[in-house]
1. In nm, to one decimal, how far is the modelled label at residue 297 from the one at residue 156, with both set 7 Å along Cα→Cβ?
2. Once both axes come from the Cα atoms, what is the angle between helix 115-128 and the longest principal axis of the chain, in degrees from 0 to 90, rounded to 10?
3. First check a/c for segment 24-63, with a ≥ b ≥ c the square roots of the eigenvalues of its C-alpha gyration tensor; if it is under 1.5, answer rounded, and if not, answer prolate when a/b is larger than b/c or oblate otherwise.
4. Once you have the Cα-Cα distance between residue 147 and residue 284, take 0.36 nm times their residue separation minus that, and quote the gain in nm to one decimal.
5. Tally the DSSP beta bridges in the chain and give the antiparallel ones as a percent, rounded to 5.
6. If I stretch the segment between residue 55 and residue 84 completely, what's the gain in nm (0.36 nm per residue apart, minus their alpha carbon distance), one decimal?
7. Rounding to the nearest 10 and keeping the result within 0 to 90°, find how far the Cα-based axis of helix 28-42 lies from the longest principal axis of the chain.
8. Taking the chain as a Gaussian network, where each spring joins two C-alpha atoms under 10 Å apart, which residue of 252, 27, 261 fluctuates the most?
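Quick note: the coordinates plus some simple rules give every number you see, no bench work behind them. Keep in mind that what you see is a predicted model, and the values were worked out from it rather than measured. Every residue, glycine among them, receives a Cβ derived from its backbone with ideal geometry; neighbour counts consider all protein chains shown.
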Ligand code: UDP
């Protein structure tokens, strides 16, 4: 059996695959679902990606290409709702999904759910119809709640749902061996887990060279550029990066530039962390060499990564961390926290350096080591690109997912065949 004409549903209740990335809570999950969906459609699957309609202005259906579309269903108010408050609307979302399926007369062969809220929708769907479920967590409550002080009210429900899906889904996709280890040690010893990493577009990232990129962005060839991009969230550790650059040996060198990309417009939901970071930059006297370009569009992102001497991912925790592989695909060495998926993507001393999270002294040392040795930086650059080509292209990732889906869809037939033999 091949994938041709088979309909599959990807569910991402709170992470809209068709939305602008980098603002509010839009990040890696949105990127993952969108790219996996598009790549699977190219392999012959008919892909419907279901998400919650979070704005009256957004169209209900977005066609991304042949046989790949985002479908926005009602689930609570058509407005931004923080993800901890979305679960209450998951029941309504499920009913809308089943209604859509019936109206369109589609039979979905498999559902791939993303994040715990969607996993619940998938599990309820399975109670009504026989459909194999694949699940990707993107973030584990059991890990997250260890690192934050204010545990939300939804925590117990989330932990329970995360345990049930691990034990009952036909397959869990862990994006790194570290994530798999956390599932086993913190969630349950039961259930089937495969490791299939996140990917990146190795044609788009890495298509231009550093000089071209700097020209495009109006940056000088002599600049020493330290780059961050991502959501403004305390757990992203941007403060560690700022303090590290503040104590760098290169401080005072007129070429040093710190570029901190991402974030919403002023007044939107991540504004508080952005204000806090800008406050630290000012307090440390770094305003004149720190740039906040705001959200970086898809078109400019490859140029920013390529223009940078180093990309820093200082997260307190990261289940995978797409930014690291995007930078590496552009041949930019990564200095990252020695945690989670970053231990899988970044090979210390080969593609960049790992440093203990929240340790600004260690981050400063790592940044200085790379910036002060251009030859070694170039070796790391080559190592970074090679690693991404080998392990993290979307095409390779989608191929592995496609094989997994095919195997799971075939399973009931096999079981029946064995039973009647
Ligand atoms: N991103 C972007 N523009 C921005 C900020 C972020 O395109 O201004 C993208 C970034 O390229 C990456 C994703 O958002 O693909 C962030 O994913 P990651 O896994 O690093 O972190 P998450 O947001 O999931 O915690």
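1. Spacing of the two 7 Å Cα→Cβ label points: 4.8 nm.
2. With both axes taken from Cα atoms, the answer is about 10 degrees.
3. Values: a/c = 3.23, a/b = 1.48, b/c = 2.19.
Oblate shape, in that a/c is at least 1.5 and b/c is the bigger or equal ratio.
4. Numbers: separation 137, 0.36 × 137 = 49.32 nm, distance 2.64 nm.
Between residue 147 and residue 284, full extension yields 46.7 nm more.
5. Numbers: 4 of 50 bridges.
Given both bridge residues lie in the chain, the antiparallel proportion sits at roughly 10 percent.
6. Numbers: separation 29, 0.36 × 29 = 10.44 nm, distance 1.78 nm.
Full extension of this stretch gives 8.7 nm more.
7. Relative to the chain, helix 28-42 is tipped by roughly 60 degrees.
8. With Cα springs under 10 Å in the chain, the top fluctuation among 252, 27, 261 is at 252.
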